[in-house]
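Asker: Below: one structure in structure tokens.
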């Protein structure tokens with residue numbers, strides 16, 4: 001058997017922690033014999049969930065941590081002060097070479113700050129973007145930056161495009177991923193100052209397949225494999241996309257139980273509806289990697305369920321097995337150092 | 001009878017022009033005896049549609065224009081060169097005092113450029129934002145800027161907040177509209193440089209009811225009556241919101257005809273679904289006013305149907321009758337001139 005890929009999981013991060021996190025980890029262990037998982041956090045609570053689960057004891061280790069970082073805490077202060085938090089302890093496992101990847105559904109800002117301060121950026125990387133896998137009509141689109149860097153320069157968008165290309169090629173297995181820049185129109189003259197400056201740079205960038213502007217409304221229809229943008233616009237897009245889908249589904253579901261006739265209709269369409277909506281389930285695609293760190297850092301949704309955690313663990317497996325960090329290191333080392 | 005409110009309608013603008021534009025104008029004339037409409041464009045084609053319609057001949061005038069501005073044309077060039085386009089001719093009717101308001105479903109950029117160059121900005125207004133009425137769980141939210149100014153300063157967002165407040169109070173009749181700033185989190189430290197600079201200014205701004213940051217995903221749930229942002233982020237939000245709703249509806253509709261069982265279910269839920277979705281129909285709320293011009297300029301969706309055009313005509317009626325331009329002029333004159 002090849003060596004085990006070890007994932008340090010922040011078991012206390014997210015709205016459904018620790019139960020869903022622990023369950024997700026157990027599911028992942030069942031899905032691959034190459035995985036080893038550290039569950040970091042409140043040992044008593046983690047063991048309570050594990051008690052009811054069936055898992056390979058030799059591939060799971062509970063690592064105690066007495067504190068946890070709340071969703072609303074100030075990221076920098078939290079990482080600095082809560083040395084014994086589940087997030088910091090899990091990141092240290094990666095930093096110290098005991099684990100290959102870090103995974104959390106907790107405070108995004110803290111994942112970003114800790115990812116850079118504890119695990120560290122690769123040499124030559126100016127900014128580390130969150131790359132969210134956005135469920136689309138055909139598979140998913142990698143949106144980066146989806147929220148880590150709210151103010152960026154045009155050259156950063158070029159780095160995002162290269163990072164995204166390497167990630168999709170080597171961690172996801174897409175041969176020649178297309179790259180678009182998020183814009184408010186398809187015409188050349190459209191866009192704000194950042195977009196206007198970035199378009200010619202992206203055209204000139206080597207090693208990426210740039211296809212020009214992509215309108216936000218076309219992203220769900222799989223307009224490009226990768227969409228680059230600043231983290232503010234990216235986060236606006238992502239939250240609107242997720243929020244709108246959720247709201248519409250909520251409204252339709254309420255409608256379907258509002259009368260006897262509706263309930264009868266609902267019975268008939270239930271299976272089809274479920275199948276249709278599964279395509280748009282973000283959980284299918286795991287979490288958002290913080291690209292450009294020395295080891296893999298993955299942020300899952302705050303409301304992640306066991307399914308998303310399991311898929312994120314599998315994402316770690318593929319990333320580490322294919323040595324994507326090594327590939328990024330050797331491809332981004334020099335060109336990325338043009339500025340800063 | 002009080003004096004007629006005259007609306008100059010660009011009959012050739014938009015994907016469904018002139019048929020839907022003309023039909024919408026006719027519907028509006030039927031809904032209010034206080035309206036007079038100029039239909040500007042290709043006389044033959046306009047009259048072809050009018051032939052089948054029943055309308056008050058003394059309150060409708062066809063104004064011929066030999067050219068039209070295409071959706072993809074460069075706005076500045078189009079406005080400068082196509083002097084006899086339906087858009088320019090209709091704008092001139094307003095400029096010359098023959099009409100009180102201008103309405104088009106055509107090229108947004110051209111509406112913006114023409115609105116400023118032909119109709120003109122009010123004294124003291126730095127930037128004129130498009131104020132889209134976004135359908136929400138409870139009514140609609142005024143999003144400004146929804147796309148006119150892609151790069152703005154914090155002081156512009158304050159002007160948008162004041163313009164939006166005056167518009168909702170006096171044209172729509174909302175007593176004390178709340179104002180939020182579009183952001184990627186509710187916490188004080190969240191946001192890009194623009195948002196960070198704007199928050200204290202908005203807190204200090206008089207005459208508005210500022211409630212702080214509003215996350216993009218909460219806008220559809222009616223988090224604020226007015227949401228201010230730069231036109232790039234605003235347009236990303238708007239297009240994502242509209243695009244996602246459209247895509248989901250398309251997918252659900254395809255599903256509902258995919259088998260006999262589905263079709264049977266669809267029959268049962270059809271009425272409820274239609275009623276539920278009507279709430280999210282942007283057409284209900286008319287078009288987006290370009291706020292801060294000397295006379296009302298309204299931009300409807302490119303794919304506007306007769307219903308939206310009719311509602312936009314009614315929007316003109318309310319705006320002009322309540323002298324919203326006069327109110328904006330007297331409220332924004334001095335304070336707005338702090339810079340530029």
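The values are calculated or read from the model by the stated rules, or taken from the named source; none is laboratory data. Fair warning: this is a prediction, and the values are worked out from it, not measured in the lab. In this analysis, Cβ positions are derived from the backbone assuming ideal geometry, glycine residues included, and neighbour counts consider all displayed protein chains.
Okay, residues lined up against (1) more than 26 Å from residue A:244 (Cα to Cα); (2) within 22 Å of the chain's Cα centre (by Cα):
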{"residue": "B:190", "(1), (2)": "no, no"}
{"residue": "B:201", "(1), (2)": "yes, no"}
{"residue": "B:206", "(1), (2)": "yes, no"}
{"residue": "B:228", "(1), (2)": "no, yes"}
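Asker: Can you report the number of residues in the range B:168-180 which are within 14 Å of chain A (Cβ to nearest Cβ) and either at pLDDT below 95 or in contact with a helix residue (DSSP H, G or I) (Cβ under 6 Å, 6 or more places away or on another chain) (or both)?
Answerer: 0
Asker: Another question, then. Quick one: would you say residue B:113 is touching a residue at least 24 places away in the same chain (Cβ under 8 Å) and in the same structural domain as residue B:316 (by TED's automatic domain parsing)?
Answerer: Yes: the conditions hold for residue B:113.
Asker: Same structure again: For the range B:109-118, indicate whether the set of residues that are under 30 Å from residue B:330 (Cβ atoms), modelled with pLDDT under 95 and in contact with a strand residue (DSSP E or B) (Cβ under 7 Å, 6 or more places away or on another chain) is non-empty.
Answerer: no
Asker: Those residues that are surrounded by 18 or more Cβ atoms within 10 Å (Cβ to Cβ) and in a loop (DSSP other than H, G, I, E, B), I need them from the range B:92-119; list them, please.
Answerer: B:99, B:100, B:105, B:106, B:107
Asker: Could you list, in sequence order, all residues of the range B:251-285 that are exposed (fewer than 14 other Cβ atoms within 10 Å of the Cβ), at pLDDT 80 or above and closer than 22 Å to residue B:240 by Cβ?
Answerer: B:253, B:254
Asker: Just one of A:186, A:223 is touching a strand residue (DSSP E or B) at 6+ places or on another chain (Cβ under 7 Å), more than 7 Å from chain B (Cβ to nearest Cβ) and surrounded by 18 or more Cβ atoms within 10 Å (Cβ to Cβ); which is it?
Answerer: A:223
Let's see how each residue does on (1) modelled with pLDDT under 95; (2) over 22 Å from residue A:310 (Cβ atoms):
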{"position": "A:59", "(1), (2)": "no, no"}
{"position": "A:63", "(1), (2)": "no, no"}
{"position": "A:70", "(1), (2)": "yes, yes"}
{"position": "A:74", "(1), (2)": "yes, yes"}
{"position": "A:84", "(1), (2)": "no, yes"}
{"position": "A:91", "(1), (2)": "no, no"}
{"position": "A:95", "(1), (2)": "no, yes"}
{"position": "A:99", "(1), (2)": "no, no"}
{"position": "A:102", "(1), (2)": "no, no"}
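Asker: Within the range A:204-219, how many residues are at the interface with another protein chain (Cβ under 7 Å from one of its Cβ atoms) and either at positive phi or surrounded by 24 or more Cβ atoms within 10 Å (Cβ to Cβ) (or both)?
Answerer: Qualifying residue count for the region: 1.
Asker: For the range B:243-264, give me each residue that is in contact (Cβ under 8 Å) with a residue 12 or more places away in the chain and farther than 16 Å from residue A:273 by Cα.
Answerer: none
Asker: A further question on this structure: As an exercise: evaluate residue A:250 against (1) touching a helix residue (DSSP H, G or I) at 6+ places or on another chain (Cβ under 7 Å); (2) part of a helix (DSSP H, G or I) and give the number of the one condition it does not meet.
Answerer: Against the list (1) touching a helix residue (DSSP H, G or I) at 6+ places or on another chain (Cβ under 7 Å); (2) part of a helix (DSSP H, G or I), residue A:250 comes up short only on (1).
Asker: Right, something else. Name the strands (runs of 3 or more DSSP E) wholly inside the range A:1-82 in which the number of residues that are surrounded by fewer than 19 Cβ atoms within 10 Å (Cβ to Cβ) is 2 or more.
Answerer: Once the strands (runs of 3 or more DSSP E) in the range A:1-82 are filtered for at least 2 residues that are surrounded by fewer than 19 Cβ atoms within 10 Å (Cβ to Cβ), what remains is A:60-64.
Asker: State yes or no: is residue A:267 touching a helix residue (DSSP H, G or I) at 6+ places or on another chain (Cβ under 6 Å), farther than 30 Å from residue B:231 by Cβ and without any contact (Cβ under 8 Å) to a residue 60 or more places away in the chain?
Answerer: no
Asker: May I pose another question? If you take the residues of the range B:287-304 that are in a strand (DSSP E or B) and within 18 Å of residue B:28 (Cβ to Cβ), which of them is farthest from the other protein chains (Cβ to nearest Cβ)?
Answerer: Among those that are in a strand (DSSP E or B) and within 18 Å of residue B:28 (Cβ to Cβ), it is B:296.
Asker: Restrict the check to the range A:150-163 and report whether at least one residue is touching a helix residue (DSSP H, G or I) at 6+ places or on another chain (Cβ under 9 Å), in contact (Cβ under 8 Å) with a residue 60 or more places away in the chain, at positive phi and outside any helix (DSSP H, G or I).
Answerer: No: zero hits.
Asker: Quick check on this structure: which one of A:194, A:201 is in contact (Cβ under 8 Å) with a residue 40 or more places away in the chain, within 13 Å of chain B (Cβ to nearest Cβ) and closer than 21 Å to residue B:150 by Cβ?
Answerer: On inspection, the qualifying residue turns out to be A:194.
Asker: Only one of B:308, B:284 is out of contact with any strand residue (DSSP E or B) (no Cβ under 6 Å at 6 or more places or on another chain), more than 14 Å from chain A (Cβ to nearest Cβ) and farther than 23 Å from residue B:38 by Cβ. Can you tell me which?
Answerer: So the residue among B:308, B:284 that is out of contact with any strand residue (DSSP E or B) (no Cβ under 6 Å at 6 or more places or on another chain), more than 14 Å from chain A (Cβ to nearest Cβ) and farther than 23 Å from residue B:38 by Cβ is B:284.
Asker: Oh, and also: With respect to residue B:230, determine if the residue is at the interface with chain A (Cβ under 10 Å from one of its Cβ atoms) and touching a residue at least 60 places away in the same chain (Cβ under 8 Å).
Answerer: Against the criterion (at the interface with chain A (Cβ under 10 Å from one of its Cβ atoms) and touching a residue at least 60 places away in the same chain (Cβ under 8 Å)), residue B:230 qualifies.
Asker: Which of the numbered conditions does residue A:193 fail, given that it passes all the others? Conditions: (1) modelled with pLDDT of 90 or more; (2) surrounded by fewer than 19 Cβ atoms within 10 Å (Cβ to Cβ); (3) touching a helix residue (DSSP H, G or I) at 6+ places or on another chain (Cβ under 6 Å).
Answerer: All conditions are met except number (3).
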